[in-house]
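Student: Structure provided below as structure tokens; questions to follow.
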Amino acid sequence: MEQVTFFVTALIAVASAIGLVVRRNPLHGALFLVVNLFCVAVLYLLLRAEFLAAAQVIIYAGAIMVLFLFAIMILIPGRAETGRDPFRRQRLAALPLGAAFLLLVGVLMWGGPPPGGAPPPPGGAAAVGRLLFTDYLLPFEITAVLLLAALVGALVLARRRA
Amino acid sequence: MSAVAAELGIALAKVSFLMLFVLNLGGLLTWVERKQSAVMQDRVGANRARILGLRLWGLFHPLADAVKMLTKEDFMPLRADRVLFQVAPFVSLFFALVAFATIPFGDVLRVGDREIPLQAVGLDVGLLYIFAMLSLGVYGVVLAGWASANNYALLGGQRAAALMISAEIAIGASIMGVTMVYGSLDLMEIARRQGDLLWGWLPAWGLFLQPLGFVLFLTAGIAATKRIPFDFPEGESEIIGYFVEYSGMKFGMFMMADFVETVVIAGISTALFLGGWQVPYLAADGFAFPWGAMVPLPHLAVVSLQVLAFSVKVAVMCWFLMLIRWTLPRFRYDQAMRLGWLGLLPLSVLNVVLTAGVILWV
């Protein structure tokens, strides 16, 4: 049952990732990304990381991507505005880099699964919360400061415009 | 093999019970909406639909509505995004329907030596799951606005997105107090903890422990349903909203999503603030009143009472939400934004700080 779920979800995830890259329409691309994020959340759920799955859906799919859509809908640039394809050089680099990445994945897969340690700890909210406030307190607090800085920065920018 | 089949059967039964509960209540709400508004405005209300001369106070009107919606022309604008235009109403309704999955409608039901928790999905982060589903529901609305190739619809979708984001942040912040008091995100656990008694007589419902949180959640929850007084994404009578290009059953699905969301908000507020399936002083083996009287009850009677209590509470909350819908006029866009960001959010944070202080020092 879990294997079937995994393979179906993985298939949709890969297909939506390809769709994101291939589609010309930026809105369709963004929607494929939403599907992809949702599939990754299901994979987290299969790994018993329930809190992570919920947070992934709420924050990425539910909040950030809605803002993306918002921006794309309002600011969607036509071809006349962007001029010639601004990503020409990046396109040249994409092929060798992609091949190198595939090679890396292939080599890792060839070695079989990594030696399994202890089974993963339960990923419920209580366990995650305990870890965040004990072992990972410093990164957690630093992230909080970072987010606060971003928030203040956004406020300053908005004020200057107004 | 038979154990697996039994598990599957139980899961199927629970899911179908919840689906029928939510869908039927949602359908019934269209009738309640008409009749209640009629009573409040001193009118008779819908009473014309009849089958074999039977009128039943207009109870056949939801059926008549369904027949009307299904037989109307299914129109699509020429320049619409063909796929997204079709998918949008399904997205909207789907996420509204699945949001109910983690809301418990009773305690554990014992059949033989099998214990069945009366909850479609027992999830450790059940509360977060509901918010995830509610926050995904906005995609249907935004996509409908965009895919219609209509500027007014697009603007309506944008208003919806802005409203949903501000409402969701307020919802998330307003229920933090509840999770702090009961120490869990599992809705079954939260419902169980609400069976405790304060000072030996008052049930420890969220309503009594988190009065401010309840008001804030309800306000933000009404905003999340996109109904009056927060219906500026739709505004079907004058400003025109996201579903202006939809007709027939696809339009009906958007309307249904609103009603289902009303049921979901009623369900969450029941589970978090009104004791869920708890009946005051009813323990697992019968009533135990604070003045010492005991009324022992068989297990099945206790479970039935719990399910009944949950249903009644949800129905009462639905009625209350309808009452508000027919009492207040519509907020303007900027008024609703100000209410969300400058009213609900700071008050929710204040609620969290106050709750933390009380838990720490009392």
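Table: residues versus (1) under 25 Å from B:LEU127 (Cβ atoms); (2) loosely packed, with under 13 Cβ neighbours inside 10 Å.
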| position | (1), (2) |
| --- | --- |
| B:ALA284 | yes, no |
| B:PHE287 | no, no |
| B:PRO296 | no, yes |
| B:ILE359 | yes, yes |
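Student: What residue, of B:ARG159, B:ARG193, is touching a Pro at 6+ places or on another chain (Cβ under 9 Å) and charged (D, E, K, R)?
Tutor: Working: B:ARG193 fails: touching a Pro at 6+ places or on another chain (Cβ under 9 Å).
Result of the check over B:ARG159, B:ARG193: B:ARG159.
Student: Next up: Do the conditions hold for B:GLY267, that is, is it buried (at least 19 other Cβ atoms within 10 Å of the Cβ), in contact with a strand residue (DSSP E or B) (Cβ under 7 Å, 6 or more places away or on another chain) and closer than 26 Å to B:VAL178 by Cα? Steps first, answer last, please.
Tutor: On the way: buried (at least 19 other Cβ atoms within 10 Å of the Cβ): yes; in contact with a strand residue (DSSP E or B) (Cβ under 7 Å, 6 or more places away or on another chain): no; closer than 26 Å to B:VAL178 by Cα: yes.
No, not satisfied.
Student: Could you tell me which numbered condition B:PHE214 fails, if it satisfies all but one of (1) of a type in the set (Phe, Trp, Tyr); (2) at negative phi; (3) out of contact with any Ser or Thr (no Cβ under 8 Å at 6 or more places or on another chain)?
Tutor: Unmet for B:PHE214, out of (1) of a type in the set (Phe, Trp, Tyr); (2) at negative phi; (3) out of contact with any Ser or Thr (no Cβ under 8 Å at 6 or more places or on another chain): (3).
Student: Residues of the range B:78-104 being within 30 Å of B:LEU185 (Cα to Cα), in a loop (DSSP other than H, G, I, E, B) and among the aliphatic types (A, V, I, L, M), which ones?
Tutor: Answer for the range B:78-104, where residues must be within 30 Å of B:LEU185 (Cα to Cα), in a loop (DSSP other than H, G, I, E, B) and among the aliphatic types (A, V, I, L, M): just B:ILE103.
Student: Here's a check for you: in the range B:7-48, which residue that is of a type in the set (S, T, N, Q) and either assigned to a loop (DSSP other than H, G, I, E, B) or without any contact (Cβ under 8 Å) to a residue 40 or more places away in the chain (or both) is surrounded by the most Cβ atoms within 10 Å (Cβ to Cβ)? Walk me through it before giving the result.
Tutor: Here is the first cut: in the range B:7-48, the ones of a type in the set (S, T, N, Q) are B:16, B:24, B:30, B:36-37, B:41, B:47.
Of the ones still in play, those that are also either assigned to a loop (DSSP other than H, G, I, E, B) or without any contact (Cβ under 8 Å) to a residue 40 or more places away in the chain (or both) are B:16, B:24, B:41, B:47.
Working: B:SER16: 11, B:ASN24: 12, B:GLN41: 9, B:ASN47: 16.
Among residues in the range B:7-48 that are of a type in the set (S, T, N, Q) and either assigned to a loop (DSSP other than H, G, I, E, B) or without any contact (Cβ under 8 Å) to a residue 40 or more places away in the chain (or both), the one surrounded by the most Cβ atoms within 10 Å (Cβ to Cβ) is B:ASN47.
Student: Now, a different point. For the list (1) over 30 Å from B:VAL32 (Cβ atoms); (2) surrounded by fewer than 19 Cβ atoms within 10 Å (Cβ to Cβ), I need the number of the one condition that B:THR355 fails.
Tutor: (2)
Student: Taking the range B:211-228 only, how many residues are at pLDDT 90 or above and crowded, with 17+ Cβ neighbours inside 10 Å?
Tutor: 10
Student: So which of B:SER184, B:SER174 is closer than 18 Å to B:ALA356 by Cβ and in contact with a Phe, Trp or Tyr (Cβ under 7 Å, 6 or more places away or on another chain)?
Tutor: Working: B:SER184 fails: in contact with a Phe, Trp or Tyr (Cβ under 7 Å, 6 or more places away or on another chain).
So the residue among B:SER184, B:SER174 that is closer than 18 Å to B:ALA356 by Cβ and in contact with a Phe, Trp or Tyr (Cβ under 7 Å, 6 or more places away or on another chain) is B:SER174.
Student: May I pose another question? When you check A:ARG91 against the structure, is it of a type outside the set (Val, Ile, Thr), at pLDDT below 85 and loosely packed, with under 12 Cβ neighbours inside 10 Å, yes or no?
Tutor: Numbers: of a type outside the set (Val, Ile, Thr): yes; at pLDDT below 85: yes; loosely packed, with under 12 Cβ neighbours inside 10 Å: yes.
When the stated conditions are applied, A:ARG91 passes them.
Student: Taking the residues in the range B:99-121 that are within 14 Å of another protein chain (Cβ to nearest Cβ) and touching a Leu at 6+ places or on another chain (Cβ under 9 Å) as candidates, determine which candidate is farthest from B:LEU8 (Cα to Cα).
Tutor: In the first step, residues of the range B:99-121 are kept if they are within 14 Å of another protein chain (Cβ to nearest Cβ); the result is B:99, B:101-102, B:121.
Keeping just the survivors that are touching a Leu at 6+ places or on another chain (Cβ under 9 Å) gives B:99, B:101-102.
On the way: B:ALA99: 20, B:ALA101: 16, B:THR102: 17 Å.
This residue is B:ALA99.
Student: What are the residues in the range A:127-141 that are surrounded by 10 or more Cβ atoms within 10 Å (Cβ to Cβ) and part of a helix (DSSP H, G or I), if any?
Tutor: Initial filter on the range A:127-141 (surrounded by 10 or more Cβ atoms within 10 Å (Cβ to Cβ)): A:127-133, A:135-137, A:139-141.
The answer is A:ALA127, A:VAL128, A:GLY129, A:ARG130, A:LEU131, A:LEU132, A:PHE133, A:LEU137, A:PRO139, A:PHE140, A:GLU141.
Student: I've got another one for you. For residues that are assigned to a loop (DSSP other than H, G, I, E, B) and in contact (Cβ under 8 Å) with a residue 12 or more places away in the chain, scanning just the range B:49-77, find the one that is surrounded by the fewest Cβ atoms within 10 Å (Cβ to Cβ). Give the steps one after another, and end with the answer.
Tutor: In the first step, residues of the range B:49-77 are kept if they are assigned to a loop (DSSP other than H, G, I, E, B); the result is B:49-50, B:52-53, B:55, B:59-60, B:72-77.
Subsequent filtering for residues that are in contact (Cβ under 8 Å) with a residue 12 or more places away in the chain retains B:49, B:59, B:72-77.
On the way: B:ALA49: 18, B:LEU59: 17, B:LYS72: 14, B:GLU73: 6, B:ASP74: 13, B:PHE75: 12, B:MET76: 17, B:PRO77: 15.
The selected residue is B:GLU73.
The values are calculated or read from the model by the stated rules, or taken from the named source; none is laboratory data. Just so we're clear, the structure is a prediction, and the values are computed from it rather than from any experiment. Backbone-built Cβ (ideal geometry, glycine too); neighbour counts: all protein chains shown.
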